[in-house]
Number of protein chains: 4
Amino acid sequence: MIQIGVIGAGECTPAISSIAYEVGKLIAQNNGVLVCGGLGGVMEGAARGAKEAGGLTVGILPGFDPKESNPYIDISVVTGLSHARNVLVVRSSSALIAIDGGYGTLSEIAIALKLGKPVVGLNTWNIDPAVIQVSTPREAVERALSLIQKKH
Amino acid sequence: MIQIGVIGAGECTPAISSIAYEVGKLIAQNNGVLVCGGLGGVMEGAARGAKEAGGLTVGILPGFDPKESNPYIDISVVTGLSHARNVLVVRSSSALIAIDGGYGTLSEIAIALKLGKPVVGLNTWNIDPAVIQVSTPREAVERALSLIQKKH
Amino acid sequence: MIQIGVIGAGECTPAISSIAYEVGKLIAQNNGVLVCGGLGGVMEGAARGAKEAGGLTVGILPGFDPKESNPYIDISVVTGLSHARNVLVVRSSSALIAIDGGYGTLSEIAIALKLGKPVVGLNTWNIDPAVIQVSTPREAVERALSLIQKKH
Amino acid sequence: MIQIGVIGAGECTPAISSIAYEVGKLIAQNNGVLVCGGLGGVMEGAARGAKEAGGLTVGILPGFDPKESNPYIDISVVTGLSHARNVLVVRSSSALIAIDGGYGTLSEIAIALKLGKPVVGLNTWNIDPAVIQVSTPREAVERALSLIQKKH
C-alpha cells in the first residue's frame, strides 16, 4: 500500500477543510493509505474524506493520548514527541500534499525537501520551486502518485 | 480498533517465532491491530500470524527506509529515531506482550511499566511483579485483552 | 547562562563561515552559550568563533557518535534522532540566529516561529516577516539578545 | 572532556541524594562533565555535587521549559520528547552510573546495555551481570572511568 501524507494546520476554514476532504477521498480511491498528524483542521478533513471512500487512515500524534486523534483515524501512532513527530509524518509518506498551513506545515515541507520527498502544494507556502504548486485536489493526488511512480 | 503491541528481539529461534506467530494470530482473531517494531524475529513472527488471520499490522521502524519492514507489515511508520522508537511502540499500544527478548525488549518493558501500561510476559525478563507472566499465547492475549478492558 | 542557537548548513563558503565565526565570537563575548547542530559549515564556524573568545559550545548531533562533532564543540549531545534533532536545537535556544542555510535550516526557522522563539536572519530564507533580517554579525547578536530580554 | 551520565529517579530519600551528591562531586573532581536528566532527586543531588566541585553539568530535559532544570544545571537541553529523552542521556554519556531508581532508570540501563555502554550500579536494579554493582560513590566513579579508558 502506498502511504501518502497530507499536511496542514490543525484549524482551518470550511473551504480548506473541503479541499482536504477531496484530497483524502482521492487518496483512498487510488488505494493509498492516508498518513497525517491525526489532529483537527486539514488533518481531520483529509481523514474524513479517506474514510468515506473506504480508505485506511494513520494519525501520527504529537501527544500522549490516542484520544487526541480525530474521529476518522484508524491507526493512532502515539509519539509523545510534540513537534518532532512532524519528521515522522514526512518519513512515513512516499509523497506529501501540503494544504494551506502555518509554520508547522512549513517545517514539514522543509523536511520533505531535505529528504528528497515529492511535495505537492495546494494554496500553501510558495517558498521553493521544488514544491509543485497545483490548483485542485485531483491534480494534487495525480501529481503525487505520478511523482512516487517516477521514483520507483 | 484496539492496538496491542508485541515486543521481542529482531532475531529468535524457530520455537520463539512460532510462539510469536500464535500471539499475532490471536490478536487478529480478537479484532486487535498488531503494533510492533516492524523488523524480523519476534516482530516478523507476530506480524505473519496476524496477517494470516486477516488482521492489520503496524511496524514502527527505527531506521530510514520502509523496506526495513518485514513482509507482513501493512503500515510502516518510518521514524529515523533508532532505539528511541521503542517508546513509540509502547505508547501506541493499549497493552504489551513481551516474548523472550534482549535489552531492547527490556527497555520497552520498563517504559511500559513507567507509563502504567499492562505488560504480559511469555518467557521474558522476570524483573518485576508488574509484568504478568503467562505460559501460552492464548493466555497472553486473553490477559492483555482483559487488562485493557479493566482500564476502560 | 543564556543559550543562543546558530543554525545553518553543514557546508558553506568561506565568506559564510567567517560570518558564522563572528556571530559565535560575539555570542561568547556577551556571555552566551552557543548551541548548534555540532557539525561542519556554519556550525563549525560559529563554534570556532565562540571557542576563540573563551565561550562554551554545545553540539546537538543527529547521529550516534560524539566524534561527529566539529573540533570546537565542548558538550556533545548525541541524539541518534537524525533530522528530528533540529527541534531540540530550537527548543534549547532562547533565540536563533539563522545564517544562509538550506532546507534543514528552513525547518529550524519554521519550528522556531511555531514555538514563538525570536529568529534573526543573516543572508537566509526570507519567508516571513517574523524573521528579523539583519546585515552584520553584530546586529544579529544584538537583536537576538534584546529580543530575549524583551521576553523576560 | 569526558561526559559521564548519572541516572536515577526524580524523587529520592536524603540518603540516596547524598550518594548522588558524592558521585557528582567525584565526577567533577576527575574533570568529567556530568550528564543527567536535569530534574530533581538523584539528578539534582549529582548536579549539586558536581557544581560544588566546580564542574560542568548538562541536563537533558523531557519537557518544554528550561526552567524544569534543577538549580545546579549549567546547560539545559530542552527536548520536548518526554521519556524518549532517556535514550539521549545514555547516548551522550561515555559511561552511566545508575543510583537506585525506578522503571525510568531501568529503561536507561537497558538502552545502555543495548548500546554496549559501561553501566555501574549503586543500590540499583540487579538484572544483568553486565551492570557492574559497586557499593561506594568512589568505586562507582573509578570503575566508570576505568571502563571508559578500556574502550579507547
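Shape analysis of the protein assembly as shown based on the Cα gyration tensor places the equivalent ellipsoid semi-axes at 37, 35, 18 Å, largest first. With contacts taken as Cα pairs under 8 Å and at least 6 residues apart, chain D reaches a relative contact order of 23 percent. Label-point distances for C:E11 to the equivalent site in the other copies, using a point 7 angstrom along Cα→C-beta, read 3.6, 4.3, 5.3 nm when ranked shortest first.
Distances, shortest first, from the label point of A:G116 to those at the same position in the other copies read 2.9, 3.9, 4.6 nm; the point lies 7 Å along Cα to C-beta.
Contact order, relative form, for region D:110-152: 34 percent (alpha carbon pairs under 8 Å, 6 or more residues apart, mean separation divided by residue count).
Summing -39500 (n - 2.57) over the DSSP H runs of n ≥ 4 in chain B and dividing by its residue number, what mean residue ellipticity at 222 nm do you reach, to the nearest 500 deg cm²/dmol? Provide the component values of the computation, followed by the final result.
Details: 5 runs with 62 residues, N = 152.
Result for chain B: -13000 deg cm²/dmol, rounded to the nearest 500.
Treating each Cα of region B:88-148 as an identical point scatterer and summing with the Debye formula, the log10 of I(q)/I(0) at q = 0.13, 0.29 Å⁻¹ comes to -0.26, -1.38. Per-atom-type breakdown for region A:1-138 gives carbon and sulfur 49% of the accessible area (1.4 Å probe, protein chains only). Using alpha carbons only, how many angstrom separate the centre of region C:77-123 from the centre of region B:78-103? The two parts, judged by their Cα centres, are 28 Å apart.
Listed by number, the DSSP H helices of chain A that run 20 Å or longer by alpha-carbon position along their axis and have mean Kyte hydropathy of at least 0.5 are A:14-29.
Nearest 100 Å² is fine: how much accessible area is buried between D and B, summed over both sides, with a 1.4 Å probe?
1700 Å²
Could you size up the charge dipole of the protein assembly as shown around its Cα centre, putting +1 on the beta carbon of Lys and Arg and -1 on that of Asp and Glu, and report it in debye to the nearest 20? The dipole magnitude comes to about 0 debye. Give A:K114/D:K51; A:K25/A:K117; A:K114/C:K150; A:K51/D:K114; A:K117/B:K25 a once-over and call out the pairs whose C-alpha atoms are over 30 Å from each other. Long pairs (Cα-Cα over 30 Å): A:K114/D:K51; A:K114/C:K150; A:K51/D:K114; A:K117/B:K25.
Counting every C-alpha pair in region A:2-151, the share spaced more than 21 angstrom apart comes to 31%. Only the Cβ atoms of Lys and Arg (+1) and of Asp and Glu (-1) were treated as charged; on that basis the dipole of chain A about its Cα centre amounts to roughly 440 debye. Once the 1.4 Å probe is applied to the protein heavy atoms, region C:22-124 comes out at 26 Å² accessible per residue. Each copy carries C:N30; placing its label point 7 Å along the C-beta direction from Cα gives inter-copy distances of 3.9, 4.8, 5.9 nm, listed from smallest up.
Burial of accessible area (probe 1.4 Å, heavy atoms of protein chains only) in region B:87-112, relative to its chain alone, reaches at least 30 Å² for B:V87, B:L88, B:R91, B:S92, B:Y103, B:L106, B:S107, B:A110, B:I111.
The values are calculated or read from the model by the stated rules, or taken from the named source; none is laboratory data. This one's a predicted model, so the numbers in the text were calculated from it and none came from an experiment. Note: ideal-geometry Cβ built from the backbone for every residue, glycine included; neighbour counts use all protein chains shown. When the accessible area is computed, the model is the full protein with side chains, heavy atoms only, and any ligands, DNA or RNA have been set aside. Shrake-Rupley method; radii C 1.70, N 1.55, O 1.52, S 1.80 Å.
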